[in-house]
Amino acid sequence: MAFISVKDDTFLTEVVTLQKGIEKLYDETSGPWEYVLSEHIHQGYYEPNAPLADLRDAQFRMIDEALRFASILEDKSKFPKNVVDVGCGLGGSSRYLGKKYGATCLGITLSPYQVQRANDVAAAEGLSDRVSFQVANALKQPFPDNHFDLVWSMESGEHMPEREKVYTIIV
């Protein structure tokens with residue numbers, strides 16, 4: 001795998017500028033996105049040839065289908081226990097994984113607004129003991145290797161610079 005050299009000061013400046021821009025964009029637009037898409041801020045999975053489901057149900061189904069695709073739902077012993085949600089947005093997936101599967105989840109995002117909102121909703125739903133959120137950069141995660149048994153990332157990687165590096169880090 002080839003990565004762009006991070007020794008190039010111009011490139012580093014561009015990455016930092018991009019990250020600040022993403023943070024600002026998410027801080028400013030998360031409220032409207034929550035209004036439109038709910039706290040998941042991701043698309044849903046609609047069953048083929050089935051009646052059109054409500055968006056929230058389809059979003060829950062999207063999470064379960066991704067877990068099924070990864071062969072996680074086939075055996076309860078594979079259910080996630082300790083999850084990092086990279087690019088967590090408003091934390092909908094983390095809260096769902098915490099509620100449905102009893103997982104301990106830590107969501108990370110560049111946006112302080114999203115972290116505050118996600119922690120507020122987790123507290124309101126009585127999940128603060130196992131679901132939390134913090135500002136962190138997917139390219140510089142503050143966690144030791146193999147700290148989590150599931151790395152979750154739903155529709156956020158496309159917003160990250162150096163995607164190859166991100167996926168190398170999270171895998």
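Under 5 Å between amide hydrogens, which residues at least 5 positions from Cys105 or on another chain qualify, with H placed 1.01 Å from N in the peptide plane?
Here Val83, Val131, Ser132 satisfy the definition.
Extension gain Phe79-Ala123, at 0.36 nm per residue separation less the Cα-Cα distance, in nm?
Taking 0.36 nm per residue and subtracting the Cα distance, the gain is 13.5 nm.
For the range 71-158, which whole percent of the accessible surface, found with a 1.4 angstrom probe, sits on carbon and sulfur atoms?
Answer for the range 71-158 is 48 percent, counting heavy atoms of protein chains only.
The values are calculated or read from the model by the stated rules, or taken from the named source; none is laboratory data. All of these numbers come straight from a predicted model, not from anything done at the bench. Surface accessibility is based on the protein's heavy atoms, side chains included, excluding ligands, DNA and RNA. Shrake-Rupley method; radii C 1.70, N 1.55, O 1.52, S 1.80 Å.
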